[in-house]
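Visitor: The structure follows.
Laboratory data are not the source of any read-out in this text; all were calculated from the coordinates shown. In this text, all values refer to a predicted model and were calculated from it rather than measured experimentally. Virtual Cβ from ideal backbone geometry, glycine too; neighbours counted across all protein chains shown.
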Amino acid sequence: MSDNQIERIEAPTREFFQTNYMNRNKPVILTGVSTTWRATSGWSPDYLKSVAGQSNITVHFHKDRNFHSWYLRPWEREDRKLTLSEWLDILITGNDYKQYYMTEHRLRDVSATLVEDVDMSTYVDKQDPFLFMGRDTYMPLHYHGTTEALLCQLQGTKNISLYPPSQFSLIYYRPWYSYSWLFSQVDTRKPDYQKFPKFKRTEPLTFTLAPGEILFIPVHWGHVTSVPVYQVSVTFFWSARTQNFHFPTPGMHVYLRKFLHFSKRFRNAQ
């Protein structure tokens, strides 16, 4: 599908964003919001090293760079401890960067100074973003069970496909009671249509997110991302309103998971 199937709007007010997109469970790309951030204009590798080079981080490593499997079968991957400087050297000058990906690091834990370089206070109440960094990587198709997100692209580009919750039955998500239940079994880079025939009927929104653009990902929207170049992004998460859940699926799956978790805690307390 073409790029014009997702809207891009220039720096909307919070009320306009909430009324027309968040409350309608509708994705959108925000422009003109992060263009003045230091994170967009100044987060070069050298700057990141100077501010937080000695910070300790954890990166995922898989010798066969099988990004699809390392979320479905995380025991096949290795989590390596590095400093941010070591990680940047791998990304910029290393030869094995394709085997690594850094995901979901609380930015405040990396550097409180870097948190000051992003500002989403217009749209979110809590300034607690998560940092993602990689090069030539892929995040498998998954959805957020209880949260919504604003993905802020800072350095490099990101190719994204969004799948509406109305297509949930076509995507072959893992069973709600299983490990990695938020992830699809389908490798979208090379779908096995014999094994997953209904996936051929999906109609995602597919586009490229450029530096300085911010994507709103509503709750229960499936998404898969790939990174063709060196990229840095931060994502803000917040709890979605129940009114924005999609029923019967995956909304009921989320509640079944909550019930299962509560039952286990109750039994363990006996």
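Visitor: Would you please classify the overall shape of the chain from the alpha carbon gyration tensor, given that a ≥ b ≥ c denote the square roots of the eigenvalues, rounded means a/c under 1.5, and beyond that prolate means a/b larger than b/c while oblate covers the rest?
Guide: rounded
Visitor: Then there is this: Could you calculate the FRET efficiency of residue 126 with residue 18 from 1/(1 + (r/R0)^6), where r is the beta carbon distance between them and R0 is 22 Å, rounded to 0.05?
Guide: 0.90
Visitor: Note down the magnitude of the dipole of segment 3-269 about its Cα centre, charges +1 on Lys and Arg C-beta and -1 on Asp and Glu C-beta and zero elsewhere, to the nearest 20 debye.
Guide: Result for segment 3-269 is approximately 1200 debye, rounded to the nearest 20.
Visitor: Next up: Give, in nm to one decimal, the length gained when the segment between residue 260 and residue 244 is fully stretched (0.36 nm per residue of separation minus the Cα-Cα distance).
Guide: That works out to 3.6 nm of additional length.
Visitor: Next up: Using the Cα gyration tensor of segment 1-70, with a ≥ b ≥ c the square roots of its eigenvalues, what is the shape: rounded (a/c below 1.5), prolate (a/b larger than b/c) or oblate (neither)?
Guide: oblate
Visitor: Net charge within 13 Å of residue 181 by Cβ-Cβ distance, Lys/Arg positive one each and Asp/Glu negative one each, not counting residue 181 itself?
Guide: Net charge in that neighbourhood comes out at +3.
Visitor: Between residue 159 and residue 50, what FRET efficiency comes out of the Förster formula 1/(1 + (r/R0)^6) with R0 = 30 Å and r the beta carbon distance, rounded to 0.05?
Guide: 0.50
Visitor: Within the set of other residues whose C-beta is less than 9 Å from the C-beta of residue 100, count the net charge using Lys and Arg as +1 and Asp and Glu as -1.
Guide: Once positives and negatives cancel, what remains is +3.
Visitor: In addition: Can you grab the distance from the C-alpha centre of segment 235-253 to the C-alpha centre of segment 108-127, Å, no decimals?
Guide: The distance from the Cα centre of segment 235-253 to that of segment 108-127 comes to 24 Å.
Visitor: Give me the extension gain from residue 76 to residue 93: residue separation times 0.36 nm, minus the current Cα-Cα distance, reported in nm with one decimal.
Guide: Full-extension gain reported as 3.5 nm.
Visitor: Taking only DSSP H segments of four or more residues, each worth -39500 (n - 2.57), what value at 222 nm results for the chain once the sum is divided by all its residues, to the nearest 500 deg cm²/dmol?
Guide: Computed ellipticity for the chain at 222 nm equals -5500 deg cm²/dmol.
Visitor: With a ≥ b ≥ c taken as the square roots of the eigenvalues of the C-alpha gyration tensor of segment 207-270, please select rounded if a/c is under 1.5 and otherwise prolate if a/b is larger than b/c or oblate if it is not?
Guide: prolate
Visitor: In percent, how large is the relative contact order of segment 3-269, given Cα pairs closer than 8 Å and 6 or more residues apart?
Guide: 25
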